[in-house]
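Visitor: The structure is given below, and queries will be raised subsequently.
The values are calculated or read from the model by the stated rules, or taken from the named source; none is laboratory data. None of the values given here were measured: they were computed from a predicted structure. In this analysis, Cβ positions are derived from the backbone assuming ideal geometry, glycine residues included, and neighbour counts consider all displayed protein chains. For the accessible areas, the whole protein counts, side chains as well, though only heavy atoms, and no ligand, DNA or RNA atoms are used. Shrake-Rupley method; radii C 1.70, N 1.55, O 1.52, S 1.80 Å.
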Amino acid sequence: MSAVDVPFEKHVLANGLEVVLHADRTDPVVAVYVYYHVGSAREEVGRTGFAHLFEHMLFQGSENVAEGDFFRRVQEAGGTLNGTTSEDRTNYYETLPSDALELALWLESDRMGFLLPAMTQAKLDNQRDVVKNERRQRYDNRPYGRAHEVVRANLYPVDHPLHWLTIGSMADLDAASLDDVESFFRRFYGPNNATLAIGGDVEPAAALALAERWFGGLPAGPAVAAPVPRAAPLAESRRLALEDRVQVPQLTLAWPTVPSWHPDEAALNLLTDVLSANRSAVLDRVLVIDEELASTVAIMHRPLELAGYLSLELRPRPGVTLAELERRVDDLVAETLERGVEPERLERLKARREGQVVRALDTVSARTATLGHYNLFRGDPGALAADLARHDAVTPADVARVARDYVVGRARVALSVVPEGRPELAA
Amino acid sequence: MSAPDRTRPPGPGEAPRFHLPPLWHAELPSGVRAVGTASRGETATAPPIVSLTLAFPAGRLRETTATAGIAALTAAMLREGTAPLDGVALQDELDGLGALFRVPASDDAIELTLVTLTKHLPRACALLEEIALEPRFAKADFEREKERRLVEIDSRRDHPDRVAADAWAAVTWGEDRVGGLPAVGTRATVEAVTRGDVEAFWRRALAPRELRLSLVGGVDAEDLPALFPRLASLADEADPAPTASLAAPLPERVAAYLVDLPGAPQTHLCVGHPGVAATHPDFFPLIAMNYPLGGGSLSSRLNLNLREEKGWTYGVHSGFDGGLEPGTFRVEAAVHTDATAAAAAEIVRELERFREGVTDDEVEFTRKSLGRTLLRQYEPLGAKAALAHNVAKYGWPDDYPARRLAWLERMTRADLDDLAARHLHPDRLAVVAVGDGARIRPGLEALGGGAVTELERASAG
């Protein structure tokens, strides 16, 4: 058994809820994760930010759980809890001492089945304010905080759900109504659109019986089809500038790539590692260390269900312009491609990636989350091994090919963030 | 199967037995001391991972106001390679081990931490020794790192939360003390520091009796000398630097401070006063006392009021921090600009109300929440590492979590009220607000008894 094979069982309840169980009785800990196959990529124009606002509403009580009791009961049991929303999914989780497993299942099943009777306008208004403050704190009042949103808005057309970020716009948050809460719940929060993962100090048979007891009676919702990828090629490059309360300018370059699990995804992931995994990678080594042109380089490949993009974020050293930095980046990427990636470097980057994956499996909570995640997206809780294997199979030629197909000389978004009143600093 | 009765929540059952990972202690011939845990055992499905930490007593407490930032700079330089391996080659080596390597600097220490697969243990230990004992400290690396820090110091002005933290420290300790300056240093101190200063700072910290190793996840004490031969024979010739004090006086009254960020959509609030060291007997009891007030709890008074009831903030938190030296008690929140003065006043009022007494419900909630949290808390490798590290650093007993559990079991309302009376001072607070001055100044003036002191954004410049 390899280090990434997390033992599990999978069952499907009559209402379509997929249940994944992972037993590890070393410590008296259990983790419960509920993954719903809905995120901001299912939102519609005019209602951006709703999937995440809805996630907040799920902590406001349900028919049998009084307002404030969700937090309180989990904490009183010694547990920790949270929820997160991405473009593709929303998850909710608790980690608790093992005797509190059934409590968590009661709480999660009550909001999956009996949320609406507890929803009120006052709760919606309050959480809308909380989320608007979250947006101010994490985006509007943070240096460079709006860059990602502007890049996305320019990579994708107005009616493409990746045009906006999961946090949504203030105007759309204002427009969200109780009717929206009800229809979103009925549309996406049925057991047949979810995975329940339970891990830790529990007998699988007992855990399955408890899952059946609390979730088995919930009615299935309407069928929810898997999202269909929607490519959004850029016809031509776009060049933009944004003024912000910052001292140092920043350049973001972003290219459309592929949706998750596309055959080119793994090679694109390794391309990002080759370019900027850490100081040993070509952009960091040359731009930061050897030529002292950049103070920071950050890269990200985000393959999502609908589409993906690769973005590179650079801040120059004092005295270096964004335009100079951009030219040098283009040269370096082209040179790397011409020279080819050394096989040893690629192998080392694979070892690095595997180390990250293995280290991340340290806790019951992380293993349970991993199983839930892969079940939701791949229908196979154990798909982590296949995920690693496809990265292991990438060759230097694959990396060069995807660099040519998606990056070098391809249309892109180039966004300069410049200090207020200094538009001339834009690339 | 019949439908369950949902109106009757299935409460937790019988609490699992509290089981702490047993620690071992060892001392190398040189005097370097080590604490560790053995592997998780046969039943574990977690991958075999080890976490190694070597702590140097070279944190901010060993700085002076003239060398502010040198601890963080030295920590950064320890990532820049060893005599045989430059920074890039070192990174390649770490990547080959699939390792995570970090070098955080705190007030107390610089900590070299390496997490890797157990199968790489011997190589990882040798690499850790090499990093610690043979740092490269190359001139070009030093100059680059220094310049990067100067940019970082300038850029701190763009982050309202960092501006608030820096301003709060400056008014609490004063800029003539180590505590009053940012950990990254100031432009003046970082510009003045030389490569020789960094090397000397590192060398003075290499006193074997002050070095602490913590090794968790499957290292046995008897293997230590073979795994760390160079640390085992490290000569005792360092001359440790004196330690700064972080003790600070309480403010005379509620004093309001403003850092103006024209047009900011939110205000970052930081409200508090000096606190206690981690070694103070009240340190853990204060964590318990703070729990219903504004500690990690989403159900805390502050959070229920400012977030769930008023909707003024995404979250508000209060907490005591402290290390070898006294720390602080602080309430922090980013609040909507228009709610700034009301939120600050509400925070002060919550502290006053808290001193009027906790409820029996709050005592039971805290007892259960924190007590039962201890039952599951030590499962992650990182938590075991923190346990070993705290034992090594503060001299806490191996079973300190069990003692905390025992304290929680006997804790009474009177205990919490007494702690609040002695350690919360709602009439002697610094209130720092970083936001749009034109809109928030009048409210802050009212809060500060008619006066608000305006601070420069880069007061540490």
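Visitor: Give the lysines whose C-alpha is closer than 30 Å to that of residue A:123, dropping any in the same chain fewer than 8 places away, or say none.
Guide: Answer for residue A:123, where 30 Å is the Cα cut-off: A:132, B:310, B:368, listed by chain and number.
Visitor: Antiparallel versus total DSSP beta bridges in chain B: what percent is that, nearest 5? Walk me through the intermediate numbers first.
Guide: Values: 45 of 59 bridges.
Roughly 75 percent of the beta bridges in chain B run antiparallel, per DSSP.
Visitor: Per 10 Å bin, what percent of the C-alpha pairs of the stretch A:9-215 does each bin hold, from zero upward?
Guide: 8, 33, 33, 20, 6, 0
Visitor: Here is a follow-up. Please give the Cα centre distance for the stretch B:67-89 versus the stretch B:312-378, rounded to the nearest Å.
Guide: Measuring centre to centre over Cα atoms gives 37 Å.
Visitor: When the Cα centres of the stretch A:172-198 and the stretch A:258-279 are compared, how far apart do they sit, in Å?
Guide: Centre-to-centre (Cα) distance: 32 Å.
Visitor: Starting from the eigenvalues of the Cα gyration tensor, five times each then square-rooted, give me the equivalent ellipsoid semi-axes of chain B, largest first, whole Å.
Guide: Working: eigenvalues 295, 207, 77 Å².
Result for chain B: semi-axes of 38, 32, 20 Å.
Visitor: While we're here: Leaving ligands, DNA and RNA out of it, report the carbon-plus-sulfur percent of the accessible area of chain B at a 1.4 Å probe.
Guide: Working: 8910 of 17670 Å².
Looking at chain B in its full context, I get 50 percent from C and S.
Visitor: Step by step: find N for the stretch B:23-232, compute 2.2 N^0.38 Å, then divide the Cα radius of gyration by it. What's the final number?
Guide: Details: Rg = 18.4 Å, N = 210, 2.2 N^0.38 = 16.8 Å.
Cα-based Rg divided by the globular estimate yields 1.10.
Visitor: Before anything else, pin down the relative contact order of chain B: Cα pairs under 8 Å, at least 6 apart, normalised by residue count, whole percent. If you can, show how the numbers build up before the last one.
Guide: Numbers: 864 pairs, mean separation 103.1, N = 461.
Rounded, it is 22 percent for chain B.
Visitor: Is there a quick way to get the dipole size of the stretch A:9-215? I mean about its Cα centre, with the Cβ of Lys and Arg at +1 and of Asp and Glu at -1; what is the value in debye to the nearest 20? Please report the intermediate quantities before stating the final value.
Guide: Values: 20 positive and 32 negative charges, 120 e Å.
Approximately 580 debye in magnitude.
Visitor: Quick check on the protein assembly as shown: helices-only [θ] at 222 nm, where DSSP H runs of length 4 and up contribute -39,500 (n - 2.57) each and the sum goes over total residues. Nearest 500, please.
Guide: Numbers: 30 runs with 338 residues, N = 888.
The helix contribution divided over the protein assembly as shown gives -11500 deg cm²/dmol.
Visitor: Follow-up question, since we're still on this one. Please report the Cα spread of the stretch B:255-455 along all three principal axes, rounded to whole Å, starting with the longest.
Guide: Per principal axis, max minus min of the Cα coordinates gives 53, 34, 28 Å.
Visitor: Also: Do you know the relative contact order of the stretch B:255-455, to the nearest whole percent, from alpha carbon pairs under 8 angstrom that are 6+ apart?
Guide: Values: 331 pairs, mean separation 83.1, N = 201.
Relative CO of the stretch B:255-455 lands at 41 percent.
Visitor: Place +1 on the Cβ of every Lys and Arg and -1 on the Cβ of every Asp and Glu in chain B, take the dipole about the Cα centre, and give the residue among B:226, B:432, B:216 whose Cα lies farthest towards its positive end.
Guide: Towards the positive end, the residue furthest out is B:216.
Visitor: Cα centroids of the stretch A:1-34 and the stretch B:388-444: how far apart, whole angstrom?
Guide: 38
Visitor: Got the relative contact order for the stretch A:274-355 handy, in percent, Cα pairs under 8 Å and 6 or more residues apart? Before the final figure, lay out the partial values.
Guide: On the way: 79 pairs, mean separation 19.3, N = 82.
In percent, rounded to a whole number, it is 24.
Visitor: Just need log10 I(q)/I(0) for the stretch A:238-425 at q = 0.17 Å⁻¹, Debye formula, equal scatterers on the alpha-carbon atoms, no solvent, rounded to two decimals.
Guide: -1.13
Visitor: Under 5 Å between amide H atoms, partner at least 5 residues away or on a different chain: which partners does residue A:308 have, H built in plane at 1.01 Å?
Guide: Counting only residues 5 or more places away or on other chains, the set is A:257, A:258.
Visitor: Please compute, over every Cα-Cα pair in chain A, the percentage with a separation greater than 31 angstrom. Mind dumping the intermediate values first?
Guide: On the way: 42127 of 90951 pairs.
Looking at chain A, the distances longer than 31 Å represent 46 percent of pairs.
Visitor: Sticking with this one: Suppose every Lys and Arg Cβ carries +1 and every Asp and Glu Cβ carries -1, with no other charges. What dipole size does the stretch B:340-461 come out with about its Cα centre, to the nearest 20 debye?
Guide: Rounded to the nearest 20 debye, it is 420 debye.
Visitor: Still on this structure, I have one more. Give the percent of DSSP beta bridges with both residues in the protein assembly as shown that are antiparallel, rounded to the nearest 5.
Guide: Of those bridges, close to 75 percent are antiparallel.
Visitor: Starting from the Cα coordinates of the protein assembly as shown, work out the convex hull volume and express it per residue in Å³. If you can, show how the numbers build up before the last one.
Guide: On the way: hull volume 138.1 nm³, N = 888.
Cα convex hull per residue, to the nearest whole number: 156 Å³.
Visitor: Set Lys and Arg Cβ to +1 and Asp and Glu Cβ to -1, take the dipole of chain B about its Cα centre, and tell me which of B:135, B:366, B:160 lies farthest positive.
Guide: Checking the options against the dipole of chain B, the answer is B:366.
Visitor: Take the cross-link list A:350/B:119; B:119/B:384; B:146/B:393 and give me the ones stretching past 22 Å between alpha-carbons. Before the final figure, lay out the partial values.
Guide: Details: A:350/B:119 17 Å; B:119/B:384 19 Å; B:146/B:393 29 Å.
Over 22 Å Cα-Cα: B:146/B:393.
Visitor: Something else: What is the sum of charges around residue A:237, taking Lys and Arg as +1, Asp and Glu as -1, for the other residues whose C-beta is under 9 Å from the C-beta of residue A:237?
Guide: Values: positive: A:238, A:239, A:410, A:412; negative: A:236.
Taking every other residue near residue A:237 into account, the sum is +3.
Visitor: Around residue A:303, what is the net charge, scoring Lys/Arg as +1 and Asp/Glu as -1 over all other residues with Cβ under 13 Å from its Cβ?
Guide: Numbers: positive: A:302, A:390; negative: A:87, A:88, A:264, A:265, A:305, A:387.
Surrounding charge for residue A:303 is -4.
Visitor: Separate question: To check you understand DSSP bridge types, tell me what percent of the beta bridges within the stretch B:255-455 (both residues inside) are antiparallel, rounded to 5.
Guide: Values: 21 of 31 bridges.
Of all bridge pairs located within the stretch B:255-455, approximately 70 percent are antiparallel.
Visitor: In debye, nearest 20: dipole of the protein assembly as shown around its Cα centre with unit charges on the Cβ of K, R (+) and D, E (-)? Please list the in-between numbers first.
Guide: Details: 97 positive and 129 negative charges, 65 e Å.
It works out to roughly 320 debye.
Visitor: Follow-up. Just checking the output field for A:74-83: average partner chain Cβ neighbours within 10 Å of each residue's Cβ? The partial results should precede the final answer.
Guide: Working: counts 3, 13, 10, 9, 13, 5, 5, 1, 1, 0.
Whole-number average of other-chain Cβ neighbours for A:74-83 is 6.
Visitor: Could I ask something else about it? Which whole number gives the average, over all residues in B:310-318, of C-beta atoms from other chains lying within 10 Å of the residue C-beta?
Guide: Details: counts 3, 9, 3, 6, 10, 4, 0, 0, 0.
Per residue, the average neighbour count from other chains is 4.
Visitor: Please list 3J(HN,Hα) in residue order for the stretch B:365-374, calculated via the Karplus relation 6.51 cos²θ - 1.76 cosθ + 1.60 where θ = phi - 60°; whole Hz, with x for glycine and proline.
Guide: 4, 5, 4, 5, 4, 6, x, 6, 4, 4
Visitor: Checking buried surface per residue: for the stretch B:90-118, which residues lose a minimum of 20 Å² accessible area in the protein assembly relative to the chain alone (1.4 Å probe)?
Guide: When all protein chains are present, B:91, B:92, B:95, B:96, B:98, B:100, B:117 each give up 20 Å² or more of accessible surface.
Visitor: Compare the peptides B:4-11, B:138-145, A:188-195 by average per-residue count of other Cβ atoms within 10 angstrom and give them in order, highest first.
Guide: Working: B:4-11: 13.5, B:138-145: 15.6, A:188-195: 23.4.
Peptide ranking by packing, descending: A:188-195, B:138-145, B:4-11.
Visitor: A further question follows. When the accessible area of the stretch A:9-215 is split by element with a 1.4 Å probe, what percent falls to carbon and sulfur?
Guide: Working: 2850 of 6070 Å².
Carbon and sulfur atoms account for 47 percent of the accessible area of the stretch A:9-215.
Visitor: Keeping every protein chain present and rolling a 1.4 Å probe, give me the accessible area per residue for the stretch B:59-142 in Å². Let's see the in-between values first.
Guide: Working: 2470 Å² over 84 residues.
Ligands and nucleic acids excluded, the result is 29 Å² per residue.
Visitor: Quantify how strongly other chains surround peptide B:40-46 by giving the mean number of their Cβ atoms within 10 Å of each of its Cβ atoms. Walk me through the numbers before you get to the answer.
Guide: Numbers: counts 4, 1, 1, 6, 4, 16, 12.
Per residue, the average neighbour count from other chains is 6.
Visitor: Same structure, new question: Taking a quarter of the surface of the Cα convex hull of the stretch B:156-244, what do you get in nm²? Walk me through the numbers before you get to the answer.
Guide: Working: hull surface 36.8 nm².
With the hull built on Cα positions only, its mean projection is 9.2 nm².
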